[in-house]
Amino acid sequence: QVQLVESGGGLVQPGGSLRLSCAASGSIFGIDAMAWHRQAPGKQRELVATITSGGRINYADSVKGRFTISRDNAKNTVYLQMNSLKPEDTAVYYCNVEVLTGWPRAWNFYWGQGTQVTVSS
């Protein structure tokens with residue numbers, strides 16, 4: 001089985017910074033796309049940022065210029081550096097990873113457990 005463990009959420013003031021991490025473990029033969037989504041209360045889950053194995057990156061317009069997605073393939077980990085945080089960034093953040101598993105060998109998407117980010121003064 002594959003597990004995604006998220007960390008780094010918390011309470012920060014507007015204008016502050018936070019770095020989220022999502023580490024994959026288990027029977028992993030390869031990882032393609034990695035992404036961050038978020039969901040605020042009463043709102044639909046939205047895509048925040050994606051990064052492919054080839055390094056292609058996309059951001060939602062609402063976070064462009066403030067957030068940076070990156071990955072460490074040796075650690076099977078994806079990061080989201082969040083700067084200039086705004087109250088509207090408050091949400092539960094979920095990582096999503098496309099994984100080639102070994103038992104059996106197949107591609108599947110896995111979700112992290114979610115981590116709460118609260119931006120408030």
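Bear in mind that the values in this text are calculations on the coordinates, not laboratory data. This one's a predicted model, so the numbers in the text were calculated from it and none came from an experiment. Reconstructed Cβ throughout: ideal geometry from the backbone, glycine too, with neighbour counts over all protein chains shown.
Here the extension length gained between D61 and S7 equals 17.0 nm, from 0.36 nm per residue of separation less the Cα-Cα distance.
Calculate how many DSSP beta bridges within the chain are antiparallel, expressed in % of all such bridges and rounded to the nearest 5.
Working: 45 of 48 bridges.
Here the share of antiparallel DSSP bridges comes out near 95 percent.
Can you compute the FRET efficiency between T118 and S27 using 1/(1 + (r/R0)^6), with r the Cβ-Cβ distance and R0 = 30 Å? Round to the nearest 0.05. E between T118 and S27, to the nearest 0.05, is 0.30.
Spin-label model, E98 to Q39: label points 7 Å out along the Cα-to-beta-carbon direction sit 2.2 nm apart.
The relative contact order of the chain comes to 36 percent, based on Cα pairs under 8 Å that sit 6 or more residues apart.
Let me have the relative contact order for region 51-113, percent, based on Cα pairs under 8 Å that are six or more residues apart. The partial results should precede the final answer.
Numbers: 54 pairs, mean separation 12.0, N = 63.
Dividing the mean separation by the residue count of region 51-113 yields 19 percent.
In this structure the amide hydrogen of K86, modeled in the peptide plane, comes within under 5 Å of the amide hydrogens of G15, none closer than 5 places in sequence on its chain. Cross-link reach is defined here as a Cα-Cα straight distance under 19 Å, omitting same-chain residues fewer than 8 places apart; for K86 the aspartates and glutamates meeting it are E46, D61. Taking the Cβ of F67 as the center, what net charge do the other residues with Cβ under 15 Å away carry, scoring Lys and Arg +1 and Asp and Glu -1? Combined, the nearby Lys, Arg, Asp and Glu give +2.
Between region 51-121 and region 1-38, the C-alpha centres lie 5 angstrom from each other.
3J(HN,Hα) along region 19-31, derived from phi through the Karplus expression 6.51 cos²θ - 1.76 cosθ + 1.60 where θ = phi - 60°, amounts to 10, 9, 10, 9, 10, 9, 8, x, 7, 10, 9, x, 9 Hz, with x in place of Gly and Pro. The string of couplings for region 67-80 from the Karplus curve (6.51, -1.76, 1.60, θ = phi - 60°) is 9, 9, 9, 8, 9, 10, 5, 5, 9, 6, 10, 10, 10, 9 Hz, one whole number per residue in order, with x for Gly and Pro. If you take every residue apart from V48 with its C-beta less than 12 Å away from the C-beta of V48, what net charge results, scoring Lys and Arg +1 and Asp and Glu -1? For residues surrounding V48, the net value is +1.
Whole-Hz Karplus values for region 100-107 come out as 8, 8, x, 9, x, 7, 6, 8 Hz, taken residue by residue from phi with 6.51 cos²θ - 1.76 cosθ + 1.60 and θ = phi - 60°; glycine and proline positions read x.
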